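Undergrad: Dropping the structure in here first, questions after.
The values are calculated or read from the model by the stated rules, or taken from the named source; none is laboratory data. No experiment lies behind these values; they were computed from the predicted model shown. With ideal geometry, Cβ positions are generated from the backbone for all residues, glycine too; neighbour counts draw on all protein chains shown.
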Amino acid sequence: MARVRLLLLIYLWSDTLQFDDLGLDRRLLSLIAHRGFEQPTDIQRQAIPVVMAGKDLLASSKTGSGKTLAFLLPAMQRVLRSKPLSRRDPRVLILAPTRELAKQVYGQLRMLTSGTTHKAALVLGGENFNEQAKVFRQYPTFVVATPGRLADHLKQRNVSLSGLEMLILDEADRMLDLGFKEQLDSVNDHADHRLRQTLMFSATLDHQQVTEIAAGMLKSPKRIAVGEAERLHSDIEQHFVLCDHLDHKQALLEHLMNVNVHKQVMIFTATR
Ligand code: ADP
Ligand code: MG
């Protein structure tokens, strides 16, 4: 009886890759263990080997599924294990749609770079432009940026991307929805050489602009979709309330908030 159980356990383990099985650098494994992460998430299991093999990737998985480390771990591995193409240019560029998302990626990146000689720069819209220009002159290995601001720095020639080894587009669908297509094209043109690896993450792969930009930027990408974002939410019931004018709308809103049957309420307004 005991023998049967043991065999079963081994079978389950071989079916489920652990962090140790992914071929990651010892330093990265110890950081992961220190952080208390016991096993890779599905997207990490599937994406990390593809990225480490040097392939382009087009991937989607739900929010909160661990996409950030799915690209940061193999990016850091590449930086630790291989020689740079250029001593001055950033080796890895990560673009994210909003300041907040870029900051979150930067936070996880700092966990990986602290204690190494590799610098990481955070380049966000709305911050001092000249200070950022100075940061580029310290030759960071990694740059995490919002697309508009990075495109401005490219225009001013504050940074060169001719030595870029990895271009990572996080939440590509949102960047496109926010109207950053032109800026993404500009980054693509500035880092256009055959050694570049490109990774694109999106909440869904079923997005026309994502498909178009992927066709232009990725070289025979491996596609990974982990539990595609659900399109139909059967547990959501929608009600439309028609109003006659703005004051009426305001009064109805107040009324709805006062009837007190709601535990939590989210209100969407015209601007972000
Ligand atoms: P996504 O980008 O897919 O929305 P994130 O990369 O932001 O998700 O990860 C969501 C959270 O999960 C973060 O707090 C992150 O630290 C945590 N996380 C990432 N990988 C693991 C893992 N292997 N085990 C446990 N937690 C993880
Ligand atoms: Mg994310």
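Undergrad: Could you name every one of the helices (runs of 4 or more DSSP H) located completely within the range 66-176 that has at least 1 residues being within 16 Å of ligand 1 (Cβ to nearest atom), crowded, with 20+ Cβ neighbours inside 10 Å and among the basic types (Lys, Arg)?
TA: In the range 66-176, 67-81 are the helices (runs of 4 or more DSSP H) which contain 1 or more residues that are within 16 Å of ligand 1 (Cβ to nearest atom), crowded, with 20+ Cβ neighbours inside 10 Å and among the basic types (Lys, Arg).
Undergrad: Would you call residue 30 of a type in the set (Ser, Thr, Tyr), part of a helix (DSSP H, G or I) and more than 11 Å from ligand 1 (Cβ to nearest atom)?
TA: yes
Undergrad: Related question: When residues of the range 209-256 are filtered for being of a type in the set (Lys, Arg), closer than 30 Å to residue 180 by Cα and modelled with pLDDT under 95, how many remain?
TA: Residues of the range 209-256 that are of a type in the set (Lys, Arg), as a first pass: 219, 222-223, 231, 249.
Of the ones still in play, those that are also closer than 30 Å to residue 180 by Cα are 219, 222-223, 231.
Within this subset, residues satisfying the condition of being modelled with pLDDT under 95 are 231.
Qualifying residue count for the region: 1.
Undergrad: Taking residue 17 and the conditions (1) hydrophobic (A, V, I, L, M, F, W, C); (2) within 12 Å of ligand 1 (Cβ to nearest atom); (3) at pLDDT 95 or above, which numbered condition does it fall short on, given that it satisfies the others?
TA: (3)
Undergrad: For the range 57-70, does any single residue satisfy the condition of being within 16 Å of ligand 2 (Cβ to nearest atom), β-branched (Val, Ile, Thr) and at pLDDT 95 or above?
TA: yes
Undergrad: Output the residues belonging to the range 91-118 that are closer than 24 Å to residue 37 by Cα and of a type in the set (D, E, K, R).
TA: 100, 103, 110
Undergrad: If I ask for residues that are more than 13 Å from ligand 1 (Cβ to nearest atom) and over 20 Å from residue 18 (Cα atoms), which ones from the range 46-65 would you list?
TA: Passing the criteria: 54, 55, 56, 57, 58.
Undergrad: Take the residues of the range 177-187 that are over 15 Å from the mean Cα position of the chain (by Cα) and in a helix (DSSP H, G or I): which is nearest to residue 62 (Cα to Cα)? Can you show your working first?
TA: Quick first cut of the range 177-187, residues over 15 Å from the mean Cα position of the chain (by Cα) only: 177-183, 185-187.
Retained after the next criterion (residues that are in a helix (DSSP H, G or I)): 177, 181-183, 185-187.
Working: 177: 18, 181: 23, 182: 26, 183: 25, 185: 26, 186: 28, 187: 26 Å.
Checked the range 177-187; the qualifying residue nearest to residue 62 (Cα to Cα) is 177.
Undergrad: State which residue is surrounded by the fewest Cβ atoms within 10 Å (Cβ to Cβ) when the search covers only the range 40-54 and only residues that are without any contact (Cβ under 8 Å) to a residue 40 or more places away in the chain and more than 15 Å from ligand 2 (Cβ to nearest atom).
TA: 53
Undergrad: Restricting to the range 160-175, give me the number of residues that are in contact with a Leu (Cβ under 8 Å, 6 or more places away or on another chain) and more than 16 Å from ligand 2 (Cβ to nearest atom).
TA: 6
Undergrad: Taking only pairs six or more apart or across chains, which ones have beta-carbon atoms under 8 Å, a first residue in the range 16-30 that is within 13 Å of residue 46 (Cβ to Cβ), and a second residue that is within 13 Å of ligand 1 (Cβ to nearest atom) and outside any helix (DSSP H, G or I)?
TA: Every condition considered, the pairs that remain are 16/39; 17/40; 22/40.
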